[in-house]
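*Asks:* Have a look at this one.
Every number here is computed from the coordinates shown, using simple stated rules; none is lab data. Since the model is a prediction, treat every value here as computed from it, not as a measurement. Neighbour counts run over all protein chains shown; Cβ positions are idealised from the backbone, glycine included.
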Amino acid sequence: MEFNIALGLGAWVLLALGAILFGVVAQSIGEARSGYEWVLGSVAAGFGAIAASEFIVAWRTFEPVWDGLALIPAVVGALVVGVVVDVATRYLTGGTYAHRPMSA
């Protein structure tokens with residue numbers, strides 16, 4: 001079995017900007033206890049996008065594909081993995097998605 005990531009420079013830039021955007025938006029929702037939760041969310045979204053676009057071969061048939069990046073699978077993978085990691089990080093650090101105090 002051969003693993004091959006065939007992304008062009010434009011796809012890598014788009015992937016990085018999308019992952020950072022996901023992290024920043026997720027950080028701004030609710031009340032985060034750490035100022036660095038966006039980093040974990042961004043990294044998770046980036047890995048999810050790469051995994052869905054490049055390693056799940058059956059999803060490569062979904063269009064559009066731009067510079068080697070299957071856009072729809074990349075967005076779905078980024079959202080699924082990013083949201084799971086962001087929710088886990090938020091609650092493990094004591095944060096909340098509501099702007100009100102949580103009951104004990």
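*Asks:* With each label point set 7 Å from Cα along the Cα-Cβ vector, what nm distance links residue 28 and residue 98?
*Replies:* The two pseudo-label positions are separated by 2.3 nm.
*Asks:* Assuming R0 = 30 Å, can you tell me the calculated FRET efficiency for the pair residue 12 and residue 36, based on Cβ-Cβ distance, to the nearest 0.05?
*Replies:* The pair residue 12/residue 36 has a calculated efficiency of 0.85.
*Asks:* Here is a further query. Quick check: residue separation of residue 65 and residue 79 times 0.36 nm, minus the Cα distance between them. What number comes out in nm? All intermediate terms of the calculation are to be shown ahead of the outcome.
*Replies:* Details: separation 14, 0.36 × 14 = 5.04 nm, distance 1.79 nm.
Going from the current span to full extension adds 3.2 nm.
*Asks:* Please tell me the relative contact order of the range 9-92 in percent, rounded to the nearest whole number, where contacts are Cα pairs under 8 Å and at least six residues apart.
*Replies:* Numbers: 115 pairs, mean separation 27.6, N = 84.
About 33 percent, as a whole number.
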